[in-house]
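Colleague: Let me give you the structure first, and then I'll get to my questions.
Every read-out reported here was derived from the displayed coordinates using simple, explicitly stated rules and does not represent laboratory data. Remember, predicted model here, so these are calculated numbers, not experimental data. Positions of Cβ are generated from backbone atoms using ideal geometry, with glycine treated the same way; all protein chains shown enter the neighbour counts.
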Amino acid sequence: MTTSMIHVRVDTELKADAAAKLADVGLTVSDAVRILLTRISKEGGLPAGLVADASAYDAWFKAKVHEALNDPAEALPHADVMNDIQTLINRKRNAQA
């Protein structure tokens, strides 16, 4: 995977305050930007809570629900999904230990 640089102009105090708050939870400003861009890419828009227009978010969310309900792919059994998630959680916990 190649990476690219993003340059953004923000108020100096805003950057310092955000960087300090992110550092409190073990993140950098770059980490936060990467997380935001990943969510936008995966979700197809701004994450809930960051959308200024509630009605636009509501329309987007309803469209996503309809898209999921009309998905012709075979449904996954709940137990299989939960087992996969638990395996992922355990793997991440073991990596931190």
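Colleague: Quick one: angle between helix 54-69 and the longest Cα principal axis of the chain, in degrees between 0 and 90, rounded to 10, please.
Modeller: That helix lies at roughly 40 degrees to the long axis.
Colleague: When we measure straight from the Cα of K62, which lysines land under 18 angstrom away, once same-chain ones fewer than 8 places off are left out?
Modeller: In chain and number order, the partners are K42.
Colleague: Now, a different point. Local charge sum around A32 (other residues, Cβ-Cβ under 14 Å, Lys/Arg +1, Asp/Glu -1)?
Modeller: +1
Colleague: Using a Cα-Cα cut-off of under 23 Å, which lysines could be cross-linked to K15, ignoring same-chain neighbours fewer than 8 residues away?
Modeller: none
Colleague: Which angle between 0 and 90 degrees, to the nearest 10, do you get for helix 29-43 versus the longest principal axis of the chain when only C-alpha atoms count?
Modeller: 30 degrees
Colleague: Would you mind computing, in nm to one decimal, how far apart the modelled labels at Q96 and M82 are, each placed 7 Å from Cα along Cα→Cβ?
Modeller: Those two pseudo-labels are separated by 2.2 nm.
Colleague: Just add up the charged neighbours of V65: K/R +1, D/E -1, any other residue whose Cβ is under 14 Å from the Cβ of V65.
Modeller: Net charge around V65: -2.
Colleague: Something else about it: Which trypsin sites (Lys or Arg not before Pro) in the stretch 1-36 sit in a loop by DSSP (not H, G, I, E or B) and have at most 14 other Cβ atoms within 10 Å of their own Cβ?
Modeller: Sites meeting the loop and neighbour criteria: R9.
Colleague: Given that just one value was derived from the coordinates, which of [x] 2, 9, 10, 14, 18, 17, 15, 9, 4, 1, 0; [y] 3, 15, 29, 28, 16, 7, 1, 0; [z] 3, 13, 24, 25, 16, 11, 7, 1 is P(r) over Cα pairs in 5 Å bins from 0, in percent?
Modeller: [x]
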